[in-house]
1. Answer yes or no as to whether A:Ser129 is over 17 Å from the mean Cα position of the chain (by Cα) and surrounded by fewer than 13 Cβ atoms within 10 Å (Cβ to Cβ).
2. Enumerate the helices (runs of 4 or more DSSP H) found wholly within segment A:130-196, keeping only those where 2 or more residues are within 30 Å of B:Gln196 (Cβ to Cβ).
3. Quick check on my filter: what residues within segment A:143-176 are more than 16 Å from A:Glu132 (Cβ to Cβ) and within 14 Å of chain B (Cβ to nearest Cβ)?
4. Just need a number here: residues in segment A:21-51 that are assigned to a helix (DSSP H, G or I) and buried (at least 18 other Cβ atoms within 10 Å of the Cβ).
5. For the subset of segment B:100-117 comprising residues that are surrounded by fewer than 20 Cβ atoms within 10 Å (Cβ to Cβ) and aliphatic (A, V, I, L, M), which member is nearest to the other protein chains (Cβ to nearest Cβ)?
6. Would you mind listing the helices (runs of 4 or more DSSP H) fully within segment B:1-88 where at least 3 residues are modelled with pLDDT under 95?
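The values are calculated or read from the model by the stated rules, or taken from the named source; none is laboratory data. Source: prediction; values computed, not measured. Quick reminder, even Gly has a Cβ in these numbers, built from the backbone with ideal geometry, and neighbours come from all protein chains shown.
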Amino acid sequence: MKNVVVIEKYYLLQAGIQALVQEIPGLFLSKSWLGDEPHLTEIILKHKPDLILVNPFSLSGENISLPGKFRSSRNTKVLALLHNKDKSQSISGFDDLLFYEEDRFILEQKIRRQAGNVQNPGTNHQELSPREITILRWIVKGLTHQEIADKLFLSIHTVNTHRKNINKKLGIKTVSGLSVYAIMNHLIPMEELAEK
Amino acid sequence: MLIHKNMKLSEVVHHDHTLVPIINRFGIHLGFGDNTITEICQKHGLNVDFFVTILNAFHDIHYFPKEQLRNFSVALLIDYLQKAHRSFLEEKIPEISLLIKNMTEKCPLDVVTSQLITNFFKEYTEELKKHIRQEEETIYPYVLLLEKVNQNLPVDEGASGKINHYSISAYKAEHEDVEEKLFDLKNILIKYLPGQKNDKPVYQLLRELFSLEKDLNEHARIEDMILIPKVEAMEKTLRNKNPNGPV
């Protein structure tokens with residue numbers, strides 16, 4: 001599932017964009033904002049969106065710099081929501097432009113194309129690899145990522161990436177949750193769990 | 001639907017029955033008759049604007065009160081948040097514990113799985129309690145003190161020192177781990193529950209977990225959208241009054 005957030009000031013337009021996003025399989029509409037909320041960039045970062053659909057003219061105050069914060073990000077694509085008349089203004093720094101006047105299928109195509117561009121390893125393939133299973137075992141035994149890296153002669157960066165993929169594949173983020181999974185699937189006996 | 005104070009409370013509940021527990025937090029109980037929200041609030045001595053704001057915030061996740069934001073006191077808000085804490089700890093959590101017990105008995109689940117899920121929820125409960133304790137012992141007293149100082153009410157000596165050494169920005173909702181644990185529990189039940197054939201007890205549990213999640217999200221949203229902006233505004237006023245104080 002790709003995570004989508006929407007920023008549009010006008011209710012009717014926002015409702016329309018939401019309806020469109022919900023029609024597209026594989027996309028999950030996480031949340032919508034009006035554009036004037038305080039600390040919006042930080043809030044949106046927390047949602048870890050794959051796609052941001054934003055009307056740049058809805059942004060006010062500190063939020064004006066929001067699209068720039070995600071520029072050239074491999075993990076997040078930013079699409080501008082615009083009127084045809086806005087074409088004359090210089091709009092740059094977006095991965096694509098969506099126009100309110102455009103046909104539904106064109107809009108859908110543009111959104112799907114950007115969703116496909118998001119680098120999102122391993123989401124369609126839920127089976128853990130043998131390496132991931134090894135790392136999962138160490139994690140639930142209570143080892144830090146650094147300790148695991150040392151044991152397996154990997155960089156800490158590689159271990160972090162493995163951990164992220166494990167979380168994504170299983171849909172479980174916390175160590176406690178991973179422990180439950182590991183025992184239920186007989187990857188590790190109960191006695192070897194980390195002491196709490 | 002935007003809830004308005006001239007509406008009948010019974011009509012509001014027909015639209016959204018999940019509001020009943022929220023209404024209860026204000027000491028109002030079913031049997032509303034044809035009374036409007038205003039009438040009911042008057043009878044209970046409640047601030048009607050505040051009551052309506054909370055109902056709307058819970059009913060519509062996109063609701064964001066702008067005008068009303070500054071009309072009610074922080075003390076009122078904190079009183080509500082504390083009542084919500086009580087209902088999490090004294091109602092929701094015990095209810096879910098019972099449903100977990102029910103599930104382990106009726107599904108039935110093997111001993112290890114039962115124990116794992118029971119322990120996982122216990123751990124979650126401890127974390128939630130810790131989080132709530134921290135809010136009630138550190139953050140809320142600070143906010144209440146700040147409101148007193150802002151209204152030029154007398155506070156004791158040590159207290160003003162406290163204000164200079166604390167700031168709400170230090171607390172930017174670290175609800176995260178608590179949220180993630182709840183999500184993990186749901187996903188373990190939905191995706192990974194081994195070899196059981198009776199979904200009903202699991203579904204009952206899941207429904208309560210989703211409801212707790214909604215309630216907690218709402219709670220966090222009220223803190224982030226209403227409490228923190230009010231506190232930040234008060235901190236700013238105070239700093240302008242007392243430019244020599246630490247930033």
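1. no
2. Where helices (runs of 4 or more DSSP H) fall fully within segment A:130-196 and carry at least 2 residues being within 30 Å of B:Gln196 (Cβ to Cβ), they are A:130-140, A:156-170, A:175-184.
3. A:Thr174, A:Ser176
4. Looking only at that region, the number is 3.
5. By that ranking, first place goes to B:Val112.
6. Hits in segment B:1-88: B:20-25, B:48-59, B:74-87.
Results for (1) assigned to a helix (DSSP H, G or I); (2) modelled with pLDDT of 85 or more; (3) within 14 Å of chain A (Cβ to nearest Cβ); (4) surrounded by fewer than 16 Cβ atoms within 10 Å (Cβ to Cβ), shown as yes or no for each residue.
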| residue | (1), (2), (3), (4) |
| --- | --- |
| B:Tyr142 | yes, yes, no, no |
| B:Gly161 | yes, no, no, yes |
| B:Arg207 | yes, yes, no, yes |
| B:Leu212 | yes, yes, no, no |
| B:Glu232 | yes, yes, yes, yes |
